[in-house]
Every structure is written in C-alpha cells, then in structure tokens.
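This report refers to the structure that appears directly beneath it.
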C-alpha cells in the first residue's frame, strides 16, 4: 500500500467556492478566495491546498463567475 499522499487539481464551482473531489465526489470547501485582474476567482495563496475527507489533497484552480452570472441570451451584445 502506498503511504504517499495523493495530490490532484480540480476546478472550483463558481459562486459556491467548492471543489469536487475527483476520487470520492465530495464537495470540499475552499476557505478563502480572491479575484485577479481578469475577473477569475482563485483560492487565496495561503489556502491553495484543501484536504478531502477521503485523504486526497486538492489544489483548486480558478473559476470565472462572469460566465455564470447571466445566461448567454441575457448577455448584451455591443
């Protein structure tokens, strides 16, 4: 049996600030998020690794909340 910790990457769910564990499917909360200049939300640097109950360590990556605010038919076209 391998005693090494498992590390994976997963995209954050916009507006919920969770990641879905790719191993067991559980929703793992990302404790702090911050927005960059491009409008992409990321886990705050000091909280960039979260641990799932199944023992997997997850590195969350960005979520663009602009894309989920309005459905495409409600977005303005200039």
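The values are calculated or read from the model by the stated rules, or taken from the named source; none is laboratory data. All values reported here derive from a predicted model rather than from experimental measurement. All Cβ positions, glycine included, derive from the backbone under ideal geometry; neighbour counts span all protein chains shown.
Of the residues examined, residue 16 is not one that is at pLDDT 80 or above and in a loop (DSSP other than H, G, I, E, B). Does residue 5 count as modelled with pLDDT under 80 and either out of contact with any helix residue (DSSP H, G or I) (no Cβ under 8 Å at 6 or more places or on another chain) or in a loop (DSSP other than H, G, I, E, B) (or both)? The answer is yes for residue 5.
Taking segment 49-76 as the search range and keeping residues that are more than 11 Å from the chain's Cα centre (by Cα), assigned to a loop (DSSP other than H, G, I, E, B) and surrounded by 12 or more Cβ atoms within 10 Å (Cβ to Cβ), which one is modelled with the lowest pLDDT? Once the filter is applied, the top-ranked residue is 65.
Scanning segment 32-48 for residues that are within 19 Å of residue 7 (Cβ to Cβ) and surrounded by 11 or more Cβ atoms within 10 Å (Cβ to Cβ), we see that the one that is modelled with the lowest pLDDT is 47. Looking only at residues in segment 19-31 that are outside any loop (DSSP other than H, G, I, E, B) and exposed (fewer than 13 other Cβ atoms within 10 Å of the Cβ), which one is modelled with the lowest pLDDT? The extreme case among them is 29.
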